[in-house]
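**Q** One structure is given below, represented as structure tokens, and several questions about it will come after.
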Amino acid sequence: VKADGLAAGKGVLVTPDRDAAVAHATFWLAHGSVLVEEFLAGQEVSLFLVSDGHTVLPLSPAQDYKRVFDGDEGPNTGGMGAYSPLPWLPDTFVDDVIESVALPTIRQLASEGTPFIGLLYCGLIVTDDGVRVIEFNARFGDPETQVVLPRLLTPLSGLLLAAATGQLGSLPRPEFSTDVAVTVVLASEGYPENPLTNRPITGLADVENVTIAHAATALVGGEFVATGGRVLSVVALGADFTEARSRAYAALDIIHLEGGHYRTDVAKRVAE
Ligand code: GLY
């Protein structure tokens, strides 16, 4: 059951419990429309493709962690972490998605006189019956972008220029580092329902081997404070997922936000 008009996946209830689905739909029907979708069982994959309106070039697949708590428990969020690449995907996955999802979409939009030039975000579920589209976005994904772009060896600017000028067909596929990447989101107490903000964040100057992506922070009197639900992400690269995870979580041990919470199982399933 999906409540229409809410941002970043919030308001979506994915459940096998019919009573919970009815209660959720009844609540949101009082506020607007409700969309009921087929339940798709399987791993979620985000694949970003650059499009010039006629052809596409794929970036590297990533996986988002949508639920707020470990073990995919709790409500949906905008995304609590991500990793890339996805070693469990078949080698043909990206080509299959280009042929069965991305190119038909791009061609249809072109045939309607509205060619799509930009970043096509394919939100996919790998079901037992094949790949299904759960959503499209006309933008990069957050937090998946934090694990895709640090691995991109091909300059992004050249890809975007080729997309804007209709030249993507003359470029080879973008190349990616063999390093893997993990990002973990630090969220405010109460996120996603009712985040408590304006609390200080400490330790940011002391972390090593990671990049901090600020999302909802502000500098107040020389001190960082949290200003929203998803506060910041800790992005780590590594030779393998064990290394990238240990770098990310070591940094999160140092960073402090009162009541702050993060998932401890991001990329756990792919770490050796
Ligand atoms: N991480 C989900 C999104 O960007 O929509």
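The values are calculated or read from the model by the stated rules, or taken from the named source; none is laboratory data. Please read these numbers as outputs of a predicted model, since none were measured by experiment. All Cβ positions, even for glycine, are placed from backbone atoms using ideal geometry, and neighbour counts span all protein chains on display. Just the protein is used for accessible areas: all its heavy atoms, side chains included, with ligands, DNA and RNA removed. Shrake-Rupley method; radii C 1.70, N 1.55, O 1.52, S 1.80 Å.
**Q** Whose amide H sits under 5 Å from the amide H of residue 224, counting only residues 5 or more places off or on another chain, with H placed in the peptide plane?
**A** 201
**Q** While we're here: For region 123-221, just say rounded, prolate or oblate: build the C-alpha gyration tensor, square-root its eigenvalues into a ≥ b ≥ c, call rounded for a/c under 1.5, and beyond that prolate if a/b exceeds b/c, oblate if not.
**A** In terms of gyration-tensor shape, prolate.
**Q** Moving to a separate point now. Ordering 77, 154, 264 from largest to smallest accessible area (1.4 angstrom probe), what's the sequence?
**A** 264, 154, 77
**Q** Sticking with this one: Count neighbours as other Cβ atoms within 10 Å of each site's Cβ, and list the chymotrypsin sites (Phe, Trp or Tyr not before Pro) in region 27-93 that are DSSP loop with at most 15 such neighbours. Write out the running numbers ahead of the final one.
**A** Details: sites: 27, 28, 39, 48, 65, 69, 83, 88, 93; in loops: 39, 65, 88.
Filter output for region 27-93: 39, 88.
**Q** Any idea which of 152, 182, 124 is furthest toward the positive side of the dipole for region 73-201, if Lys and Arg beta-carbons carry +1 and Asp and Glu beta-carbons -1?
**A** My answer, from the dipole projection, is 152.
**Q** Over all distinct alpha-carbon pairs, what is the Kirkwood Rh of region 229-272 in angstrom?
**A** Values: mean 1/r = 0.0892 Å⁻¹.
Roughly 11.2 Å, rounded to one decimal.
**Q** Would you compute, for the Cα atoms of region 1-142, the largest minus smallest coordinate along each principal axis and list the three values in descending order, in whole Å?
**A** 44, 37, 27
**Q** While we're looking at this one, here's another question. For the chain, with every protein chain kept in place, what is the accessible area per residue (1.4 Å probe, Å²)?
**A** Numbers: 13280 Å² over 272 residues.
So the chain comes to 49 Å² accessible per residue, rounded to a whole number.
**Q** Could you check how much of the accessible area of region 122-239 is carbon and sulfur, as a whole percent, using a 1.4 Å probe?
**A** Its accessible area is 51 percent carbon and sulfur atoms.
**Q** Hey, another quick one. With contacts defined as alpha carbon pairs under 8 Å and 6 or more residues apart, what's the relative contact order of the chain in percent? Mind dumping the intermediate values first?
**A** Details: 583 pairs, mean separation 50.0, N = 272.
Once normalised by length, the contact order is 18 percent.
**Q** What's the whole-number percent of alpha carbon pairs in the chain lying beyond 35 angstrom?
**A** 20
**Q** Once the principal axes of the Cα atoms of region 29-110 are found, what is the range along each, listed largest first in whole angstroms?
**A** 40, 35, 20
**Q** Rounded to the nearest angstrom and ordered from largest down, what semi-axes does the equivalent ellipsoid of region 14-63 get from its C-alpha gyration tensor (root of 5λ)?
**A** Each semi-axis is √(5λ); the values are 34, 16, 8 Å.
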